[in-house]
Amino acid sequence: MYVKLIYERRCKFKTMARRRRKKNSKKVIISTIVLVGIIALATCGYVLYEHYFNSDNVNIPDDGEDEKPSYPTELGKVNVTSKISWNNEFNISKESVFYQYNQEEIESYYSSVDFNLAKDVSKKEEVFTSLYDLLSKDFNKLNYDGKNSSYEDTNFTWANYVIADRDFTLSPLTEDEVKKNGRNKDVYLDILYRQDNILFKSSLGSDGLLDREHILPKSYGFNNEGTGYQKLDAGCDLHNLRSADHKGNSTGHNNRLYDDISTLENINEVYDPDNKSISYYNDSYFEPPSEDKGEIARAVFYMALKYRYYEEGNDILTEGPSIRLSDDAIKIDSTIIPSDTKDNPIEFGKLSTLLKWNEEDPVNENEMIRNNIVYNLQGNRNPFVDYPNLANLLFIE
């Protein structure tokens, strides 16, 4: 009896010991899991902070001599898709004016530019110079003439409107266009200062319905007597030229600066032919319809980059102006020629408003398509369409 009691107690003690060991083992496992979880969360938190919130962190390759520079996250890359591809089943060759570039090809175009330098104010001018050289290297000056041409020669600006400003939803490519790398004469265009797209016919080139609009007015540094601006690179630059409603251009924009003025007193209004889109203007400023503001801002940014430095030519017809952007720009009522900007760059604006428009009206697919087509025709791109936030890096001190 006594032996049995001792045995039962020993069994009981062993059972209790096993339970304690098992309980302690569970505590160790749970503690380990919790500790690993805390470490993992802390690591993830640090990575997220460094990647998304620490704006000073830009991953530059250690041996950068053989690798192209990385791009700051502030550049805001645009994902490239294409309505041209959506609306036809044809393969478009790289030799075609309609070819659309993918993101890798676009980044390769800018591989010579170290955008990271723009984060250092003392080195920002190096980025301006690098981009200026890039945009000028393969620039192909187009011919401004040809109002009533056959629209088959891509050297004429009116012909190029039929390509670059085309609405590819309403006027998709045809098999014949793709095969011959040609284009139809009668297509719908997406034009400035009006909401509806219109069917462009040869007669519209001279009947007063459409204008070849200089988004940054030609009087700001690349004009001269008569039609001399048509011989200058700046006067024929397709990134700054858009088909536009005649009334919105001549009555509203003219040579005015850009600003938000619709809430001010004594403001004039300009309606499009269908009484939809409204532009506003006063003596000094012009406010276009909201749907045009971002595109206008990015075209002005391009002009202030491509024509940042005065170019001395053999005569007045081969010069290039020096253009800067400012909030203190004053509307001019006379013509400024390139040589006038040699030592005193012409100022245009309003810069803070243009930067705001760039944020409020982001790049859309039509603008991306147009940038690719102008690249095919003219040989250079608008960096502010490819990287919209580049404007903040370059123009904000």
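The values are calculated or read from the model by the stated rules, or taken from the named source; none is laboratory data. Keep in mind that this is a model prediction, so the values were computed, not measured. Every residue, glycine among them, receives a Cβ derived from its backbone with ideal geometry; neighbour counts consider all protein chains shown. Just the protein is used for accessible areas: all its heavy atoms, side chains included, with ligands, DNA and RNA removed. Shrake-Rupley method; radii C 1.70, N 1.55, O 1.52, S 1.80 Å.
Condition check ((1) over 18 Å from Val374 (Cβ atoms); (2) modelled with pLDDT of 85 or more; (3) surrounded by fewer than 23 Cβ atoms within 10 Å (Cβ to Cβ); (4) aromatic (Phe, Trp, Tyr)) across all residues:
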{"position": "Asp153", "(1), (2), (3), (4)": "no, no, yes, no"}
{"position": "Tyr188", "(1), (2), (3), (4)": "yes, yes, yes, yes"}
{"position": "Leu204", "(1), (2), (3), (4)": "yes, no, yes, no"}
{"position": "Pro217", "(1), (2), (3), (4)": "yes, yes, yes, no"}
{"position": "Ser243", "(1), (2), (3), (4)": "no, yes, no, no"}
{"position": "Ser250", "(1), (2), (3), (4)": "yes, yes, yes, no"}
{"position": "His253", "(1), (2), (3), (4)": "yes, yes, no, no"}
{"position": "Ile261", "(1), (2), (3), (4)": "yes, yes, yes, no"}
- Query: (1) open to solvent by less than 10 Å² (accessible area, probe 1.4 Å); (2) modelled with pLDDT of 90 or more: which one isn't true of Val162, the others all being true?
  - Reply: (2)
